[in-house]
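One structure is given here, and the rest of the page talks about it.
Read-outs throughout are calculated quantities, based only on the coordinates presented, and are distinct from any laboratory measurement. Since the structure is predicted, the reported quantities are computational estimates derived from the model, not experimental observations. Every residue, glycine as well, gets a Cβ built from its backbone with ideal geometry; the counts of neighbours run over all protein chains shown.
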Amino acid sequence: MWGTGQDAARVIKERLKQLVPGISVFLDVDDLDDVGLLEHYVEATGHVLIFLSTGYLQSRNCLRELRCAVDKKKPLLIVRETERARGAMSDEEVREACGKETDLAKALLDAPQIEWFRISQFQQMSLLQIARHLFPTSEAEEL
């Protein structure tokens, strides 16, 4: 399990479900019964939201998830940690963490980015941006 960002990923999941009733949100630590099926779940998803932190890029399974999403050309949405103590990374650190897998770094850095703040009022703004990205039609205008 990756140590930085899982708390925020769970908050995003729960708050998105409140903000957009009926949305289906898969979070591996909640919904993955067999890690061997990770790629199957990525293939079955419409969008892949990645909470980008140092912990994400240190996790072998998170990198499997990212590799599958990139290979299957899944739309990515990157939510970036903003607190250094919680795993925030610069673009250069993302490139370094991805090492020789430059296509993964490129996918992460080229995808739409939303900053995640841990102050409740700012979280709401981040959540609205996420919802508007996932639902760019008039549905999101109602949010």
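Here are the numbers for this structure:
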quantity: Chymotrypsin sites (Phe, Trp or Tyr not before Pro) lying in DSSP loop within region 1-82, provided at most 15 other Cβ fall within 10 Å; calculated: Phe26
quantity: Tail weight of P(r) past 20 Å, computed on alpha-carbon pairs of region 26-87, percent; calculated: 23
quantity: Sparse-neighbour loop sites [trypsin sites (Lys or Arg not before Pro); region 82-143; at most 14 other C-beta within 10 Å; DSSP]; calculated: Lys100, Arg118
quantity: Computed [θ] at 222 nm, helices only, for the chain once each DSSP H run of length n ≥ 4 contributes -39500 (n - 2.57); calculated: -15000 deg cm²/dmol
quantity: At R0 = 41 Å, FRET efficiency that the Cβ-Cβ distance of Val35 and Glu115 yields, to 0.05; calculated: 0.90
quantity: Charge tally in the Cβ shell below 14 Å around Phe117, where Lys, Arg are +1 and Asp, Glu are -1, Phe117 excluded; calculated: +1
quantity: Of every Cα-Cα pair in region 3-143, the percent that sits beyond 17 Å; calculated: 59
quantity: Relative contact order computed over region 45-143 (Cα-Cα under 8 Å; 6+ residues apart), in percent; calculated: 27
quantity: Cleavage-rule hits, chymotrypsin sites (Phe, Trp or Tyr not before Pro), region 60-143, DSSP coil, Cβ neighbours within 10 Å at most 15; calculated: Phe117
quantity: Fraction of alpha-carbon pairs over 19 Å apart in region 62-143 - percent; calculated: 47
quantity: Candidate lysines - alpha carbon under 26 Å from Lys17, same-chain residues fewer than 8 apart omitted; calculated: Lys72, Lys73, Lys74
